[in-house]
Structures are given as structure tokens and as C-alpha cells.
Amino acid sequence: MTEHRAQVAELLADYRRSRERLAATQQELGAVSGSASSADGLVTATVGARGVLTDLVIDGDAYARYRPAELAAHVVRAAREAAAEASSAAGAVLAEALGPGTDPQTVLRGSADLAPGELAARQAPDDADDPGEIFEDQNWLDDTEWSTSR
């Protein structure tokens, strides 16, 4: 029985170490961010580990220098570059936790253990023939069906 208890104690210790490492990895991932600026420095985007925009700084001069579409393009480009930087940093954090042989970027994309056929099966089928599933031409702002008493 003593040997059995020693094995159980070792398993519990391994489990606790794994949980502590997982918690540390989660904290590290929570601290990951990426930032990128336009070439002229008038637009700076910051994103978190999952690529979600967390800060956007637009210098007042940008409004005078750029037309709205140009400014939007700078914002999108900066956010995309910041997301790539954050993804790279998150991958580095995960690489330590995952160990050799696992691609951290596939884990971040949610496809780490899926074969190409399984990935294709996860994508929604193309239901272009079903007009109930096409949302591009719907007016989401049409409130004619709403009661005027609201």
C-alpha cells in the first residue's frame, strides 16, 4: 500500500505542477499585446493576445492629412500588424508550455490536433441557394415592423 500511496502522491504533485504552469501561462498570455503605427506615426493600434483591438490612437493631424478611406486603411493596416506581433508573442509563450513537436500557432488558431479533412468539415457549407441564409442584402436598420408605441 505504501508504494501505491507514493504513486498517488507523485501523480497529485504532477497535477499541481501542471495546474500552476497552466495558470502562469494564462497570466502570461493575458499580458501579451502588440502595437503598430503607421509610417508617419499618426495612427497607432494596440491589440491583445487574441488580436482584439485594445487601444487606438489617432493624432489630430491625421484628420487633416487623410481622407476618411485613407485613414481607415491606416487603422486597418496598423491593427493587422499589431495582431501579427501579438500572435507571435503569444506563440512564444505557448511554445514554452507546449514543448517540442507542437506548433503554437495551430493551437492559437484552434486547429492543433485536427487533420485537414476535419478542418474542412468544420467550415460552414456554402448555402448560396438558400435565401434564408444570405445576409448581405438585408437591411438591419429597417424598423418598419416595430410598433410606433415604443
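Some values worked out for this structure:
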{"item": "Residues (closer than 17 Å to Ala82 by Cβ, part of a helix (DSSP H, G or I) and either touching a residue at least 40 places away in the same chain (Cβ under 8 Å) or in contact with a Pro (Cβ under 7 Å, 6 or more places away or on another chain) (or both)) located in the stretch 28-53", "result": "Leu29"}
{"item": "Options Leu71, Leu56: the member that is in a helix (DSSP H, G or I), in contact with a strand residue (DSSP E or B) (Cβ under 8 Å, 6 or more places away or on another chain), modelled with pLDDT of 95 or more and not basic (Lys, Arg)", "result": "Leu71"}
{"item": "Filter result (over 22 Å from Ser33 (Cβ atoms), free of Cβ contacts under 8 Å to residues at least 12 places away in the same chain and not small (Gly, Ala, Ser)) within the stretch 67-85", "result": "Arg67, Pro68, Glu70"}
{"item": "Pair list, Cβ under 7 Å, 6 or more apart: the stretch 1-15 residue without any contact (Cβ under 8 Å) to a residue 12 or more places away in the chain, other residue among the aromatic types (Phe, Trp, Tyr) and surrounded by 10 or more Cβ atoms within 10 Å (Cβ to Cβ)", "result": "none"}
{"item": "Condition check for Thr25: in contact (Cβ under 8 Å) with a residue 24 or more places away in the chain, in contact with a helix residue (DSSP H, G or I) (Cβ under 7 Å, 6 or more places away or on another chain) and more than 20 Å from Leu94 (Cα to Cα)", "result": "no"}
{"item": "Residue within the stretch 107-129 that is modelled with pLDDT of 65 or more, surrounded by 10 or more Cβ atoms within 10 Å (Cβ to Cβ) and touching a Pro at 6+ places or on another chain (Cβ under 6 Å) present", "result": "no"}
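Matching residues to (1) out of contact with any Phe, Trp or Tyr (no Cβ under 9 Å at 6 or more places or on another chain); (2) surrounded by fewer than 17 Cβ atoms within 10 Å (Cβ to Cβ); (3) farther than 30 Å from Glu96 by Cα:
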site	(1), (2), (3)
Arg5	yes, yes, yes
Val8	yes, yes, no
Asp40	yes, yes, yes
Thr46	yes, no, no
Ala49	yes, no, no
Thr54	yes, yes, no
Ala73	no, yes, yes
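The values are calculated or read from the model by the stated rules, or taken from the named source; none is laboratory data. Only a predicted model underlies this, so the values are computations on that prediction, with no experimental measurement involved. Note that each Cβ is placed from the backbone with ideal geometry, even for glycine, and that neighbours are counted across all protein chains shown.
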